[in-house]
1. Name the helices (runs of 4 or more DSSP H) wholly within the stretch 137-230 that hold at least 1 residues that are under 17 Å from the mean Cα position of the chain (by Cα)?
2. Give the residue, chosen from Glu296, Glu274, Glu268, Glu307, that is in contact with a Phe, Trp or Tyr (Cβ under 7 Å, 6 or more places away or on another chain), under 30 Å from Phe93 (Cα atoms) and not hydrophobic (A, V, I, L, M, F, W, C).
3. Looking at (1) under 27 Å from Tyr133 (Cβ atoms); (2) out of contact with any Pro (no Cβ under 8 Å at 6 or more places or on another chain); (3) open to solvent by less than 50 Å² (accessible area, probe 1.4 Å); (4) of a type in the set (S, T, N, Q), which is the one condition that is false for Thr239?
4. Could you grab me the full set of residues in the stretch 111-136 that are open to solvent by less than 20 Å² (accessible area, probe 1.4 Å) and in a loop (DSSP other than H, G, I, E, B)?
5. Taking the condition in a loop (DSSP other than H, G, I, E, B), surrounded by 22 or more Cβ atoms within 10 Å (Cβ to Cβ) and touching a Gly at 6+ places or on another chain (Cβ under 7 Å), does Pro245 pass?
6. In the stretch 337-360, what residues are aromatic (Phe, Trp, Tyr) and in contact (Cβ under 8 Å) with a residue 24 or more places away in the chain?
7. Could you check how many residues of the stretch 337-352 are of a type outside the set (Gly, Ala, Ser) and not in a helix (DSSP H, G or I)?
8. Please indicate, with yes or no, whether at least one residue in the stretch 126-139 is modelled with pLDDT of 95 or more, of a type outside the set (Lys, Arg) and touching a strand residue (DSSP E or B) at 6+ places or on another chain (Cβ under 6 Å).
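The values are calculated or read from the model by the stated rules, or taken from the named source; none is laboratory data. Bear in mind that the values here come from a model prediction, so they are computed numbers and not experimental data. Counting neighbours? That spans all protein chains shown, and the Cβs are built from the backbone with ideal geometry, glycine included. Heavy atoms of the whole protein, side chains included, go into the accessibility calculation; ligands, DNA and RNA do not. Shrake-Rupley method; radii C 1.70, N 1.55, O 1.52, S 1.80 Å.
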Amino acid sequence: GRVQELRDDRAVRGWNLLPAAAGLVASKVTLGEADLQIRALTFSDAPVLKKGEKTGNYTTYLWTNGAASEIALYPNLNYEDPVFQELFRTADFRRALSLAIDRNEINQVAYFGLARGGNNSIIEESPLFRPEYRTLWAGFDLARANRLLDEMGLDKKDGDGIRLLPDGRSAIITIDTSGEKTEITDILELIHDTWLKAGIKMLPRPAQRDIFRNRVFSGDSKMAVWSGLSNGIPTADMTPDEFVPTRQYQLQWPKWGKFMESNGQAGEPPDLPEAKQLLDLMSAWNNASGLSEQEEIWHRILKIHAEQVFSIGIINRTLQPVVVNNRLRNVPAEGFHNWNPGAYFGVYRPDTFWFAGKGKDRG
């Protein structure tokens, strides 16, 4: 079937777009050249790492990714083309794109069914979690996606079955990618196939990270694919600024983020009502009188994101390989792989890790 076909193709079609040095890390680990390794390893390395455990004298743990989404799509609400900008700023268009993604198939192809599809939002381990934050507009429903697009007036198609924009152009969305995750190519191909059934054509455009970023920041990128929001396990007393246009690096609204980041000296002022509402809620959170008020504000922000689909989450709760030398003690077999909160190993007190028995340790 389609799932096995893509798995088999990975071995022969040059899917690995990571720099060569990063691609060598897993090989070096299997030779026993690392005592503790998490950096530059991805889930796709897991089979090789497990196979090399005996030779390399290590054990491979699989921690849960604590990010909101392993991979997400970011429609650029600041894209310079006025026709596409209007589409991207229309919630039903973003919802239709999300509904036209078969997350279950993606999970099977890229993660062997071990992850889970959902929005670019918080995961269960957060005390703020509610199921609708993960599932709203995230089911695979081509009929509903097509209906939403028809109701927007995009009911005419070209000879290839691609919907026509109001100005007569075909609805072709170029997705910019830095090519830094091996599974992205597989995932974009699957999304390409289901979007076509909704009359939307996708064209991936890989580039180096600095070019990728500059295209987004300047408004030259229609849509980008990148990691999801970094903190998928927030508590009420943690800032919700990732969910609010506050920084240029936020790929769905870089010019609004730049405006806020520069105190109005650069970028563009947010002019979408829901974006302004998020900023008001951010201000209210900063001035909240206590934890209960902060929690209520968080839920209002999360509800807006679930309803508006400002970014399109694909997969979350993916597994991150952690390689641990068999002599190294106190490294937990289960954990969260996350920068903030967590500092990767930091939350697990690496100062308490220690080597047992005799042997030559690597510096």
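1. In the stretch 137-230, the matching helices (runs of 4 or more DSSP H) lie at 184-196, 209-218.
2. Just one listed residue meets the conditions, Glu268.
3. (3)
4. Of everything in the stretch 111-136, those that are open to solvent by less than 20 Å² (accessible area, probe 1.4 Å) and in a loop (DSSP other than H, G, I, E, B) turn out to be Ala115, Gly118, Asn119, Asn120, Ser121, Ile122, Ile123, Ser126, Leu128.
5. Yes; evaluated as a whole, the condition is true for this residue.
6. Within the stretch 337-360, Trp339, Tyr344, Phe345, Phe353, Trp354, Phe355 meet the criteria.
7. Residues of the stretch 337-352 of a type outside the set (Gly, Ala, Ser): 337-341, 344-345, 347-352.
Then keep just the ones that are not in a helix (DSSP H, G or I); that gives 337-341, 344-345, 349.
Qualifying residue count, the stretch 337-352: 8.
8. Looking for residues that are modelled with pLDDT of 95 or more, of a type outside the set (Lys, Arg) and touching a strand residue (DSSP E or B) at 6+ places or on another chain (Cβ under 6 Å), one finds none in the stretch 126-139, hence no.
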